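Undergrad: Okay, here's the structure, questions in a sec.
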Amino acid sequence: MHQKAKVLAVIPARGGSKGLPGKNIRELCGLPLIGYSIRVALSARNIDRVIVSTDSEEIAAVARSLGAEVPFLRPPSLAGDASLISEAVFYVLDALREESYHPDAVVELYPTHPFRTVPLVDELAVKLCEGYSPVNTVRRIVHDPLSVMLRRADGTVFPVQKTSEAPEEARRHYYRKYGLFAGRNRTSVDNPYFKVVNDPVSLIDIDTLSDFRLAEHVIGNGLFDFQLDPEVS
């Protein structure tokens, strides 16, 4: 694979959000929330196609107006609360196979994580093209011995890990996947690449109204640069 490989970006956006109804197309500083992910994906030089996977005609219409492809709707069976995003992506790939489109790599860009930059997407798309897979953004989490507990039969709790180390020495740094970028090279396995994201703005995940208000504050005050292609923005 090389930088000219076909990298498909899939933006999953079902219509049944409960935490913040209609959040995927809720207007955020003059642009629907999903638009931030679409604009970045369209600006990325190493993304071949941008497809929105949705079960909603309304979301589909908004996505198309912003330049993304929505060649078909996701069936209701793949849009429930328990539905897996991976199932929706496989549905997209199966449908595209019928038109003889076979991407070399697939990227998921969640619209609820709008604060990603074009260089970040391009950098990680290149990693996919170099044969890394999976390629994910991750965030750091910190635990000390008292942060994880188990419960006894009598209802009391106790720390899972006991230690005699000083508090700072006992703190452990771990990393978990974060939804700014999740990609797989379709011909490569067990060659992971993880990009650590430390910027607190990039770590904003919009699930509630307060998250949305925080995003409004960031964008409204020009506190984040998406580094868009001027022709797309």
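The values are calculated or read from the model by the stated rules, or taken from the named source; none is laboratory data. Quick caveat, the model's predicted, so the values are computed rather than measured. Note that we place each Cβ from the backbone using ideal geometry, even for glycine, and neighbour counts take in every protein chain shown. Side chains included, ligands, DNA and RNA excluded: accessible areas come from the protein's heavy atoms. Shrake-Rupley method; radii C 1.70, N 1.55, O 1.52, S 1.80 Å.
Undergrad: Excluding ligands, DNA and RNA, what is the solvent-accessible area per residue of the chain at a probe of 1.4 Å, expressed in Å²?
TA: Value returned for the chain: 53 Å² of accessible area per residue.
Undergrad: Let me ask something else about it. What's the local net charge at residue 178, with K and R +1, D and E -1, over the other residues with C-beta under 13 Å away?
TA: +3
Undergrad: Right, something else. Leaving ligands and nucleic acids out of the surface, order 174, 36 by accessible area at 1.4 Å, largest first.
TA: Ranked list, largest accessible area first: 174, 36.
Undergrad: Provide the net charge surrounding residue 206, with neighbours chosen by a C-beta distance below 15 Å and charges set as Lys +1, Arg +1, Asp -1, Glu -1.
TA: Net local charge, residue 206 excluded: +1.
Undergrad: Here's another thing I want to ask about it. Which shape class applies to segment 21-97: rounded if a/c is under 1.5, otherwise prolate when a/b exceeds b/c and oblate if not, where a ≥ b ≥ c are the square roots of the Cα gyration tensor eigenvalues?
TA: Oblate is the answer for segment 21-97, as a/c is 1.5 or above yet b/c matches or exceeds a/b.
Undergrad: Could I ask something else about it? Out of all DSSP beta bridges in segment 61-207, what portion is antiparallel? Express it as a percent rounded to 5.
TA: If we restrict to bridges inside segment 61-207, about 80 percent are antiparallel.
Undergrad: Which whole DSSP H helices in the chain pass both tests: a Cα extent of 15 Å or more along the axis and a mean Kyte-Doolittle value no lower than -0.5?
TA: Once both thresholds are applied, what remains is 33-43, 85-97, 118-129, 209-220.
Undergrad: Stretch residue 93-residue 146 to full length: gain in nm at 0.36 nm per residue minus the Cα-Cα span?
TA: Between residue 93 and residue 146, full extension yields 14.6 nm more.
Undergrad: Over the Cα atoms of the chain, what Rg and Dmax result, in angstrom?
TA: Cα-based Rg and Dmax for the chain come out at 19.6, 64 Å.
Undergrad: Under the rule of -39500 (n - 2.57) per DSSP H run of 4 or more residues, summed and divided by the residues of the chain, what mean residue ellipticity at 222 nm is obtained, to the nearest 500 deg cm²/dmol?
TA: The helix-only estimate for the chain comes to -7500 deg cm²/dmol at 222 nm.
Undergrad: May I ask you to rank 194, 158 by accessible area, largest first, using a 1.4 Å probe over the protein chains only?
TA: Reading off the accessible areas and sorting them downward yields 194, 158.
Undergrad: In debye to the nearest 20, how big a dipole does the chain give about its Cα centre with +1 on each Lys and Arg Cβ and -1 on each Asp and Glu Cβ?
TA: Around 420 debye, computed over the chain.
Undergrad: Still on this model: Quick one: grab the alpha carbon gyration tensor of segment 65-188, order the square roots of its eigenvalues as a ≥ b ≥ c, and give me rounded if a/c is under 1.5, else prolate or oblate depending on whether a/b is larger than b/c.
TA: Because a/c hits 1.5 or more and a/b exceeds b/c, segment 65-188 counts as prolate.
Undergrad: Just to verify a number: what accessible area does residue 18 come out at with the full protein assembly present, 1.4 Å probe, Å² rounded to tens?
TA: 150
Undergrad: Could you please state how large a percent of the accessible area of the chain is carbon and sulfur, counting protein chains only and using a 1.4 Å probe?
TA: Roughly 50 percent of what the probe reaches on the chain is carbon or sulfur.
Undergrad: Counting only DSSP beta bridges with both residues in segment 1-84, what percent are antiparallel, rounded to the nearest 5?
TA: 25
Undergrad: Taking every alpha carbon pair in segment 76-140, what does the distance histogram look like in 10 angstrom bins from 0, in percent?
TA: Histogramming segment 76-140 at 10 Å steps yields 16, 40, 37, 6, 0 percent.
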